[in-house]
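Right, one structure below, let's go through it.
Read the figures in this text as sums done on the coordinates, not as results from a lab. Note that the structure is a prediction, hence the values are computed from the model and not measured. Note that each Cβ is placed from the backbone with ideal geometry, even for glycine, and that neighbours are counted across all protein chains shown.
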Ligand code: NDP
């Protein structure tokens, strides 16, 4: 029996909330709070007759610490699930600390305003120290480690699929499959087709910021940064077929380098089609991906936010997306003195997700792990105070829950490796 406060009611949150409502013995009471309360109310009324979870709704601006504290103090949840945007991570963590409540999210902090001079100073210093220049990194949230530990609270960071399940796959490989992991390649393939010339599968602003950033990977304890989309290969994905894959910077590279330091190389690849990349390059070339406001007819407009308003809402892609996703990790290393290769992955069907939750597989593969991570915290299976990423916890009960609630894993002990 527990009370959970979910902040955000977009594509991912809707799936997580629907999944929580399938586990009413644990998620007995749920408050859905977001900026636009009509979305929370619509979802609550859709679900209330189908679940014994008691659902309430609240309006909140999660950029406002005072509003968050008063909401948390009045609802008194056992856990706050932050499924809004990465911009709100720090205010929601602050509010959880102030109210003595556990915290979790699905993506690491990045600022909405990347032109803020104070933030830029720290960012530029950090770029030099760390060796990669993506706007997002864990340093902001890891800085809360002592405070959460002292308060006896847990902050679980990045519990979606990637980040999230991919790190549980790493912890699983380390625990059961290898004495020593040498290399990790994370492969994120979306073989889905939605029929639009250009659309993103989750929040367009966050998605386009991520994929237009320079790529990077970790090798021999150092970051190697390369121009965006400059490292390309092809891979034959189970359930999908052959796709072009591109090396990207991704947040779990940073935590894996810290928590599995013996790995000599860690990389992340994502599939993109030619049409997506051509549109993205064109939008970038004309300045539409910029986060710097431009003055237009007497008011300031942030180009990437204007673009978001023009693009299809990812939550509307469910009925028209066909095909499968395949996301997982390929490892090389040693077991019992012998070289070994191991691939663990999940294949998810867009239409099957839509039939179950009304959402396409990207929201589904993020929302289900968010619910399963919450389940681990609420049932005490993951209980170490402090600020943690998924690979720091026991992967076994989490993978059992993922299997039960819609994301079973597959294994291949002689996979092809990524050739460059
Ligand atoms: P959406 O844009 O669909 O939803 C975001 C939600 O947050 C909306 O309900 C929005 O409200 C709400 N919100 C935004 N700002 C505020 C605020 N200031 N106060 C309160 N609520 C706010 O995003 P997605 O569902 O696609 O993504 C959700 C999160 O999941 C993101 O952080 C994303 O990066 C992450 N993600 C993680 C993945 C993983 O594998 N780990 C994969 C995909 C996404 P409103 O309706 O008013 O706009």
For this session: For a quick protection proxy, order the peptides 98-107, 39-48, 358-367 by their average other-Cβ count within 10 Å, most packed first.
Result: 358-367, 98-107, 39-48
Problem set entry | Normalised convex hull volume, region 165-357, alpha-carbon set, Å³ per residue | 137 Å³
Problem set entry | Share of pairwise Cα separations in region 1-95, more than 17 Å, in percent | 42 percent
For this session: Take each of the peptides 108-121, 166-179, average the number of other beta-carbon atoms within 10 Å over its residues, and list them starting from the highest.
Result: 166-179, 108-121
Exercise. Points 7 angstrom from Cα along the Cβ direction at residue 233 and residue 276: gap in nanometres?
Worked result: 1.8 nm
For this session: For the chain, give the share of DSSP beta bridges that are antiparallel, in percent and rounded to the nearest 5; count only bridges with both residues there.
Result: 60 percent
Exercise. What 222 nm value per residue comes from the helices of the chain, counting each DSSP H run with n ≥ 4 as -39,500 (n - 2.57) and dividing by all residues, nearest 500 deg cm²/dmol?
Worked result: -10500 deg cm²/dmol
Seminar exercise, completed: One finds the C-alpha centres of region 377-396 and region 331-360 to be spaced, in Å, by 21 Å
For this session: Rank-order 153-159, 1-7 by packing density, defined as the average count of other C-beta atoms within 10 Å over each peptide's residues, highest first.
Result: 153-159, 1-7
For this session: Enter the mean projected area of the convex hull around the alpha-carbon atoms of region 221-282, in nm², rounded to one decimal.
Result: 5.3 nm²
Exercise. Looking at the square roots a ≥ b ≥ c of the eigenvalues of the Cα gyration tensor of region 336-407, which shape do they give, rounded for a/c under 1.5, prolate if a/b is larger than b/c, or oblate?
Worked result: oblate
Problem set entry | Cα gyration tensor category, rounded, prolate or oblate, for region 189-252 with a/c compared to 1.5 | oblate
Exercise. By how many nm would the segment from residue 416 to residue 179 lengthen if fully extended, with 0.36 nm per residue of separation less the alpha-carbon distance?
Worked result: 83.2 nm
Exercise. To the nearest 0.05, how large is the calculated FRET efficiency for residue 222 and residue 52 if R₀ is 41 Å and r is the Cβ-Cβ distance?
Worked result: 0.20
Exercise. Looking at the square roots a ≥ b ≥ c of the eigenvalues of the Cα gyration tensor of region 307-362, which shape do they give, rounded for a/c under 1.5, prolate if a/b is larger than b/c, or oblate?
Worked result: prolate
Exercise. Assuming a viscosity of 0.692 mPa s and a temperature of 37 °C, what translational diffusion coefficient in µm² per second does Stokes-Einstein assign to the chain, Rh being the Kirkwood radius over Cα pairs?
Worked result: 151 µm²/s
